[in-house]
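Here is the structure we will look at.
The values are calculated or read from the model by the stated rules, or taken from the named source; none is laboratory data. Because the structure is predicted, anything quoted here is derived from the model rather than measured. Neighbour counts run over all protein chains shown; Cβ positions are idealised from the backbone, glycine included.
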């Protein structure tokens, strides 16, 4: 079985641009979460979706948005990019059902904002 | 806000020795804990988990201990191998009324295995 997949793997943008990152969860998983990992730190929670509904939002500005599609894949959008948005963006999927909270991570998308 | 932290930023051990990585958490509402391993350039990899109604859980070469009294987690790796070299994170999931089940991570401990 394929694990969590993310695209693209790397991305270079300039300040003010916007970016769309994509994630496909493990087959059968209905929940997707997004995390931002700045170099040298642990991942920080951005969004969590289950059955296409937002279940949680971390402490990120409104420039960050996300959505989940009927096939449970997800997109993370970031507008008006800042230098500080440079990071590894991680997607994680989980079953969500009782006892199924374990989140499995994809390889991430490394975003560099110049 | 409340967060998960780690005592030691870097741990260096000899190959074949046992490793112990410690973690303190502060959210008493957390009911689920996970250890992840992250190698350079890769996403975090699930190692082992434990629920708050347990004190100990064993996997292959790894054991997680949970002390709820002092809000402390530890990851024990037996017979540490060079392939174990990575950054290790503990993460917690607090039980929230909103239904959110998001992970809160600490800053990580780098494990270096000397051959």
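Descriptive notes on the structure:
- From A:11, A:21, residue being part of a strand (DSSP E or B) and within 11 Å of the chain's Cα centre (by Cα): A:21
- Some residue of the stretch A:87-108 being surrounded by fewer than 21 Cβ atoms within 10 Å (Cβ to Cβ), more than 14 Å from chain B (Cβ to nearest Cβ) and modelled with pLDDT of 95 or more: no
- Residue in the stretch B:44-67 that is crowded, with 20+ Cβ neighbours inside 10 Å, out of contact with any helix residue (DSSP H, G or I) (no Cβ under 6 Å at 6 or more places or on another chain) and at the interface with another protein chain (Cβ under 9 Å from one of its Cβ atoms) present: yes
- Every test in (1) at negative phi; (2) surrounded by fewer than 20 Cβ atoms within 10 Å (Cβ to Cβ); (3) more than 13 Å from chain A (Cβ to nearest Cβ) is passed by residue B:100 save one, and that test is (3).
- Every residue from the stretch A:59-88 that is outside any loop (DSSP other than H, G, I, E, B), over 20 Å from residue B:93 (Cβ atoms) and under 16 Å from the mean Cα position of the chain (by Cα): A:64, A:65, A:67, A:75, A:76, A:77, A:78, A:85, A:87, A:88
- For the residues A:32, A:113, the requirement of being buried (at least 17 other Cβ atoms within 10 Å of the Cβ), touching a helix residue (DSSP H, G or I) at 6+ places or on another chain (Cβ under 6 Å) and more than 9 Å from every other protein chain (Cβ to nearest Cβ) singles out A:113.
- The listed residue being more than 14 Å from chain A (Cβ to nearest Cβ) and either closer than 29 Å to residue A:109 by Cβ or surrounded by fewer than 21 Cβ atoms within 10 Å (Cβ to Cβ) (or both), out of B:30, B:40, B:74: B:74
- Strands (runs of 3 or more DSSP E) completely within the stretch B:22-115 that count 3 or more residues being under 14 Å from the mean Cα position of the chain (by Cα), touching a residue at least 24 places away in the same chain (Cβ under 8 Å) and closer than 19 Å to residue A:40 by Cα: B:30-38, B:86-94, B:109-114
- Yes/no for residue A:81 being surrounded by fewer than 17 Cβ atoms within 10 Å (Cβ to Cβ) and modelled with pLDDT of 95 or more: no
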